[in-house]
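What follows is a single structure, written as structure tokens, with notes after it.
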Amino acid sequence: MLNKNKEDIVLPRIANKQTHRSNVPSHSSEEYYNFNIFLPFLDYIRSQLCDRFQKHKSLISSLQQIIPSKCIIATNEEINDCVNFYSQILIEPNAFKAEFTIWKTKWLKEGSRPKTAIAGLDNCNPLLFPNIRKLLQVLVTMPMSTATPERTFSSLKRLKTYLRNSTGETRLNGLALMSVHRDINVDPEEVLTQFSKSSRKIMLL
């Protein structure tokens, strides 16, 4: 583009002590932009791709070890990644290893074992396996592609207009859920019952 417009790559002013931008020594303008912009940008893209895919790949693989058909051959080390990552939402993180051992023993005795996370969740007793149920819920709700988030973003673009710029987070979340899941029928009686139980008493006409 510079050659087409007959422009030259100009080397910016270089101070002895630069504090606001990179100041790698260079002998030419091309070398300066290569060291200070191009190579750092490539390094940033590489690290972001690694964080976006490699780390999540090991996390999903760790979550899948809880599925009944796979847990019988899984070890505690293989599920450490998901336990450490989701420790804040677990009921009793310290008791997970013992709970997982009981979960594995349960399915070793069964001849038919669920092969999907949804089927495993249906056969998971929340009183006996609260931590495993939490992780199965995470695995079930995790999107398999970007289609679901993209549909959500498209709905937000239609909802978050300039007329609704001051909409609160709770109201915006409710409107987004109604727009995304419009195929779910809403019972007006249940809505009125929910409003009547709230502390804010208003006249419902």
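Some notes on this structure:
- Close contacts from region 169-191, counting a first residue that is surrounded by 11 or more Cβ atoms within 10 Å (Cβ to Cβ) and a second that is part of a loop (DSSP other than H, G, I, E, B) and of a type outside the set (D, E, K, R), with Cβ to Cβ under 8 Å and a gap of 6+ residues or different chains, come to Leu175/Thr167; Met178/Val186.
- Per the listing Ser58, Ser69, Ser29, Ser87, the residue uniquely touching a residue at least 12 places away in the same chain (Cβ under 8 Å), among the small types (Gly, Ala, Ser) and touching a helix residue (DSSP H, G or I) at 6+ places or on another chain (Cβ under 7 Å) is Ser58.
- In region 67-76, residue farthest from Gln137 (Cα to Cα) [restricted to those that are hydrophobic (A, V, I, L, M, F, W, C) and assigned to a loop (DSSP other than H, G, I, E, B)]: Ile73
- Selection within region 110-145: residues that are of a type in the set (Lys, Arg) and assigned to a loop (DSSP other than H, G, I, E, B). The member of this set that is nearest to Ser87 (Cα to Cα) is Lys115.
- Of the residues making up region 77-97, those that are surrounded by 11 or more Cβ atoms within 10 Å (Cβ to Cβ), assigned to a helix (DSSP H, G or I) and not β-branched (Val, Ile, Thr) are Glu78, Asn80, Asp81, Cys82, Asn84, Phe85, Pro93, Ala95, Phe96, Lys97.
- Only one entry in Trp107, Trp103 is part of a helix (DSSP H, G or I), in contact with a Lys or Arg (Cβ under 6 Å, 6 or more places away or on another chain), surrounded by 12 or more Cβ atoms within 10 Å (Cβ to Cβ) and at pLDDT 90 or above, namely Trp107.
The values are calculated or read from the model by the stated rules, or taken from the named source; none is laboratory data. It should be emphasised that the depicted structure is a prediction, and the values quoted were computed from it without experimental measurement. As a convention, Cβ positions derive from the backbone with ideal geometry for all residues, glycine included, and neighbour counts pool all protein chains shown.
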